[in-house]
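Have a look at the structure below, then the notes.
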């Protein structure tokens, strides 16, 4: 079906695909529902086939959209993380609506890469041979369609179509407005996550929702609302601020226009928060959101102490940013360790406060990124200079996302686990996936690999020594967590299973060209939850 060169067998993309396949197989073999396992396998085949077709360059990808350079497409991994997490989170939960939800997620993740490919080829003329290959290699689509059609009504199928359209909207808008900021796999993953959160938020308006999940929905989707509200002003402001920076001596009229547009920007931002987000959150909570938030934080002494500790740690981080002033591996790994110091006490002593604080911090980070991108007076330029300390080689697009991805990598396992049925039975090691994969494993791999690494992975700068250090450090951290958190004993895991998951995650860190802050915690979370 595909012509594979010998040099490609050990390429990073092929190794990434092998690790992903091992992860999918681990979850599929744990599934009691054979249909779910078959559909998960089908999603893997769809993503793999389309990824290989795109790599052959017979079917060019988007001509007018720029992905992050020097990275593989990552379509297979990015598109599989959502169904892997969903299938493992709802594993062994015996409820018909749960199986339908998993099937909906799997359907969405099968449709998205197909939609991407169809969009890519619609404006290109393919040769007869290419058309024949294109037709032959999509044989899995009707098979998957039959699987879905056999278990879904027409009304449910219309809902699935709406899901696919929403995901496509998010995908195209992110790529258009933030060029060179994502790989295809990353933008597919983010689009699918936003789509599922939108679906959940729509149901919450009529069926009700817990307070913490309500805050998460409003704060995350509220960023989309704010982006829509500020768009008319932001585009003009970005053009004008660029002229201000490139001009040796901006005119007085240009300065006045810049200040006016900045004022309009803040006005649009405030209007979105006051007129949309606060009423929306108040409706879901059934009370005033500001008063509820204050009472929630000061409800216990533990929460007050945790909150004060986090404030001190954040102030220390601001001091490091101010003093260091430039990006380096040492500074970035310092923030990884800082995140560990925030999340481990939070999970141990008050995971509900950590849940809310993470959502609030993500909202603040994204709003600050809006201010930085559009250089809004008076803090836009200041933020731009300050955020340079977080950048690495992968931050080559419009947005600086490294710090946001680090927060997401730490927070996603917490959010997902707290909203899963497994949370009713105590803490699982899966909730520490961000801490283990990023705070411990990624940091150890970077330090040991830089100092002692000699044997490199094929096609990668990462070293085998660094990967071994990541595996060993995460196993030691797991042992320490079992000592610190007695509730982990409620979910006993065999050490052979933990070793398998840690090893797969560490190898993925070494071979993937995707943002590891985003993909590693989700990959580890799905596997730990399936054990």
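Every number in this text was worked out from the coordinates using simple rules, so none of it is lab data. Keep in mind the model is a prediction, meaning the values are calculated, not measured. No Cβ is skipped: glycine too gets one built from the backbone with ideal geometry, and neighbour counts run over all protein chains shown.
For the stretch 208-413, what class follows from the C-alpha gyration tensor (a ≥ b ≥ c being the square roots of its eigenvalues): rounded when a/c is under 1.5, otherwise prolate if a/b is larger than b/c, else oblate? Mind dumping the intermediate values first?
Details: a/c = 2.33, a/b = 1.31, b/c = 1.78.
Because a/c hits 1.5 or more and a/b fails to exceed b/c, the stretch 208-413 counts as oblate.
At a 10 angstrom cut-off on C-beta neighbours, averaged per residue, how do the peptides 66-76, 431-441 rank from highest to lowest?
Ranking the peptides 66-76, 431-441 by packing returns 431-441, 66-76.
Sort 13-19, 282-288 for me by packing, meaning the mean count of neighbouring Cβ atoms within 10 Å per residue, highest on top. If you can, show how the numbers build up before the last one.
Details: 13-19: 20.4, 282-288: 15.1.
Highest-to-lowest ranking by the protection proxy: 13-19, 282-288.
Using only C-alpha atoms and all pairs of different ones, pull out the Kirkwood radius for the stretch 420-531 in Å with one decimal.
The answer is 14.2 Å.
Return the inverse of the average 1/r over all pairs of distinct C-alpha atoms in the stretch 492-531, which is the Kirkwood hydrodynamic radius, in Å to one decimal.
About 10.4 Å, per the Kirkwood formula over Cα pairs.
Once every Cα of the stretch 170-243 carries one equal point scatterer and solvent is ignored, give the base-10 log of I(q)/I(0) from the Debye formula at q = 0.12, 0.18, 0.19, 0.22 Å⁻¹, two decimals.
-0.44, -0.85, -0.90, -1.04
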